[in-house]
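Bear in mind that the values in this text are calculations on the coordinates, not laboratory data. Quick caveat, the model's predicted, so the values are computed rather than measured. Positions of Cβ are generated from backbone atoms using ideal geometry, with glycine treated the same way; all protein chains shown enter the neighbour counts.
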Amino acid sequence: MIKTVFIASTEAHSGKSIISIGLVNMLLGKAQKIGYYKPIISQEEVRKKDGHIDTILSYFDLPMAYEDAYAFTWHEAMRKMDIESQGEMIDTIIRKFKRLEEKYDFTVVEGTDYQGEGAVFEFDINAQIAKNLCAPVIVVVSGEEKMTEQVISGALTAIHNFVAREIQVLALVVNKVKSEEAKDIEKALKQQLAPEILLAIIEEDIRLKSPTIKEINEQLKGKVLFGKDLLSNRVDHFVIGAMQVPNFLNYLEENVMIITPGDRGDIIISALQANMSASYPKVAGILLTVGYTPEKPILRLIEGLQTVVPIIAVKAGTFETSNVAGAIRSKITSDNVRKIRLAIDTFDKCVNVTELDRSLITFKPSGMTPHMFQYQLTQWAKSSPKHIVLAEGNDERILKAAARLLGNGIVNITLLGNLNEINGIINRLDIKNELKDVKIINPVLDERYNDYVSTFYELRKSKNVTLEMARDMMTDTSYFGTMMVYKGHADGMVSGAVNTTQHTIRPALQFIKTKPGISLVSSIFFMCMPERVCIFGDCAVNPNPTAEQLAEIAISSAESSQRFGIEPRVAMLSYSSGTSGEGEDVEKVRRATEIVKSRYPHLKIEGPIQYDAAVDPVIGKSKLPGSEVAGRATVLIFPDLNTGNNTYKAVQRETGALAIGPMLQGLNKPINDLSRGCTVDDVYNTVIVTAIQSQDVKQ
């Protein structure tokens, strides 16, 4: 069972608040702790709360603070976009959501209100949030002032746009539909929607659509003269009182708001009399315009009446007032209990709650977005903080990343290098406070140096290593750092920002050694694409693996994939798919695939397969119909280093994908290599991955 659902609309005033209120009410009947989250709110005034959050929290008495129910105002979110901090914005939204997810049995998430500019842009933001929260969506579209064909087309387009982004749609709600069009819309959509998508049609209800006197008064900034206790009256119609009384009375309708200049005492008195008469419909209220108030005799008369409707005075003219009042969009507010209950009743009546409940129970999220992946990595690393040694402590990128890691409480860090040189760089970068708890070791001056020399000599003397050679090698930070890991004085090491891959890996191969049953050290990259995360291997270590080695790389990569929360669907890449190709290179991949299948028959694996068939669902279905991997691969194994290294770099540069790695796999303890062109983010992510790997090491 999932723990969240995302309610998304495609335009302003869709009525999605009815769905969120109804859904929270439904869930409270099934779970004790329900959370509500609206990541981006349309707050106009800084000190004023978002009305819908306030309504949900207060009416249902949800035990959560208002500040926890949102992440950004619309203006704050747009500012993040302007300074290219969209990734940071998504990370914050995920972080706040995860806190709610931990505390509540179920969290209802609601998308934006489309009060900004650019519906397509706003739709993309909502889709990104839903995708990153791994939440299925309930799509709400409006049928207000639309022809039948427009409603159907708009609904299907909305569904298609979510599905195209690999976001599962649980239900489609078509709201504010004209009663005479409801059956035609329902029939047409049922014929074209996927059977698993629940459909609900909500007919237009004037009781939900109409504003209250209070809403009108707040919008017009009027002064209430009479009837303060009746401001919840619903306004279904408007009429301008600018004619003679007999003609005016003919235009009165149920729940009408009368707009008239304040000096029209005749209209005011006749309206009040009509409201008391059984022969006329109920009057909702009276709006007095142009800043006039009734003369004293009229006021005295009104004060003596037993039944008085709300009478409000405004400064604007009659024409302006009528335009503003007629354009007001009613909202469901916390003080309008009648409308909240009506929203709940409407939801229960129009939505098949039994089917919706079944969909929520059976839904299984698939895939993982880059932001969710990075968030999950951070949480895993924080759950059991490890001690990581960074061999190149005098590199600015290393120091900046270390400052972030320590500041976020993710790992403990030791830097290797010259103390004075490193401290000089720290002072110049102005990160002294962030690195106040970091330990800096100069290998030659460290008290463990002689012990490390002796240990290395004993381990390697059979390989013609002399004691003098051991002393020299142990001055090297890569060797010293690796020995720290070997001796259990650190949990893992990261190097390679300055040194070559071979320089980083060689010490590990010499005395860290490979795990039992593993003969090969290989590497993977976590490729964080715009909307998914997959694994590329081997792109950094083995130049031309044999079929047996390729099989071992695939197995290790699948195990790493599983460990890092990505369901392994392994594609053994080649220049042909299935049985279509021949040649030595294809046969190597084919043999490797068979080896894996024989050792792990339950692992989803396909090979040989071309890259496009592995990742594109349409091409995959065409070339290898019925395959569990084709078009859905999450682990892509390249036939050689030349192909793998160039492909990962091409994908990274051309798509903007974040490549985390390389992560070495197969070693007894984690040692990881950086690219010499690495960024601060690369160092940061590689240290986190190393920390997670070290959690699995049996000390």
Seminar exercise, completed: For the stretch 520-661, shape from the Cα gyration tensor axes a ≥ b ≥ c, cut at a/c of 1.5 then a/b versus b/c, turns out rounded
Exercise. Counting pairs of alpha carbon atoms under 8 Å apart in space and at least six apart in sequence, what relative contact order in percent does the stretch 385-462 give?
Worked result: 31 percent
For this session: Would you tally the net charge around V351, using a Cβ to Cβ cut-off of less than 12 Å, leaving V351 out, and scoring K and R as +1, D and E as -1?
Result: -3
Problem set entry | Length-normalised contact order of the stretch 520-661 in % [C-alpha pairs under 8 Å, at least 6 apart] | 35 percent
For this session: Would you list which lysines come within 16 Å of K669, measuring only between C-alpha atoms, while excluding same-chain residues fewer than 8 positions from it?
Result: K386, K487, K513, K515, K698
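By average Cβ neighbour count within 10 Å, what is the ranking of 308-314, 88-94 from highest down? Could the numbers behind the result be given before it?
Numbers: 308-314: 22.6, 88-94: 20.1.
Result, highest mean first: 308-314, 88-94.
For R532, what is the net charge nearby, where nearby means another residue's Cβ is under 12 Å from its Cβ and Lys, Arg count +1, Asp, Glu -1? Don't skip to the end; give the middle numbers.
Numbers: positive: K131, R165, R569, R632; negative: E166, E531, E567.
After counting each charged neighbour, the total is +1.
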Problem set entry | the stretch 254-278 and the stretch 439-459: distance between their alpha carbon centers, rounded to Å | 95 Å
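Report relative contact order for the chain in percent, whole number only (criteria: Cα-Cα under 8 Å, sequence separation at least 6). Please report the intermediate quantities before stating the final value.
On the way: 1316 pairs, mean separation 77.7, N = 699.
The normalised contact order for the chain reaches 11 percent.
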Seminar exercise, completed: The simple spin-label model distance between E11 and T293, using points 7 Å out along Cα→Cβ, in nm, is 4.3 nm
Problem set entry | DSSP-assigned coil residues among GluC sites (Glu not before Pro) in the stretch 96-150, each with at most 10 further Cβ atoms within 10 Å | E117, E145
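In the stretch 221-270, which trypsin sites (Lys or Arg not before Pro) are in a loop and have at most 11 other Cβ atoms within 10 Å, using DSSP for the loop call?
Details: sites: K221, K223, K228, R234, R264; in loops: K221, R264.
Answer in residue order: K221.
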Exercise. The list (i) 116, 62, 41; (ii) 97, 78, 67; (iii) 97, 70, 60 gives values of Cα extents along the principal axes in Å, and only one came from this structure; which label was calculated from it?
Worked result: (i)
Exercise. Assigning unit charges at the beta carbon (Lys, Arg +1; Asp, Glu -1) and nothing else, what dipole magnitude in debye, to the nearest 20, does the chain show about its Cα centre?
Worked result: 1300 debye
Exercise. In the stretch 259-332, which GluC sites (Glu not before Pro) are in a loop and have at most 15 other Cβ atoms within 10 Å, using DSSP for the loop call?
Worked result: E295
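Applying 1/(1 + (r/R0)^6) with R0 = 22 Å to the Cβ-Cβ distance of K461 and K487, what FRET efficiency is obtained, to the nearest 0.05? Write down the numbers at each step before the final one.
Details: r = 18 Å, r/R0 = 0.80.
Computed FRET efficiency for K461 and K487 comes out at 0.80.
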Exercise. In terms of Cα to Cα distance under 25 Å, which lysines are near enough to K296, apart from those fewer than 8 places away along the same chain?
Worked result: K221, K223, K228, K315
Seminar exercise, completed: The local net charge around Y104, scoring Lys/Arg +1 and Asp/Glu -1 for residues other than Y104 whose Cβ lies under 12 Å from its Cβ, equals +1
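Classify the stretch 213-326: rounded, prolate or oblate, from the alpha-carbon gyration tensor (a ≥ b ≥ c, eigenvalue square roots; a/c under 1.5 rounded; otherwise prolate if a/b is larger than b/c)?
On the way: a/c = 1.20, a/b = 1.14, b/c = 1.05.
It comes out rounded by the Cα gyration axes.
Per DSSP H run of n ≥ 4, the term is -39500 (n - 2.57); total these for the chain, divide by its residue number, and report the mean residue ellipticity at 222 nm rounded to 500 deg cm²/dmol. Could you put the intermediate results ahead of the total?
Details: 28 runs with 311 residues, N = 699.
Here the helix-only value at 222 nm equals -13500 deg cm²/dmol.
What percent antiparallel are the DSSP beta bridges of the chain, to the nearest 5? Please list the in-between numbers first.
Numbers: 16 of 77 bridges.
Antiparallel bridges: around 20 percent, rounded to the nearest 5.
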Problem set entry | Angle between the chain longest axis and helix 641-655 axis [Cα atoms, degrees, rounded to 10] | 20 degrees
Problem set entry | Cα centroid separation, the stretch 23-39 to the stretch 158-204 (Å) | 23 Å
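So, by mean Cβ neighbours within 10 angstrom, what's the order for 187-198, 581-592 with the highest one leading? Intermediate values should be presented prior to the final figure.
On the way: 187-198: 13.1, 581-592: 16.9.
So the peptides 187-198, 581-592, ranked by packing, come out 581-592, 187-198.
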Problem set entry | Packing-based ranking, highest mean first, of 482-495, 647-660 given that Cβ atoms within 10 Å are counted | 482-495, 647-660
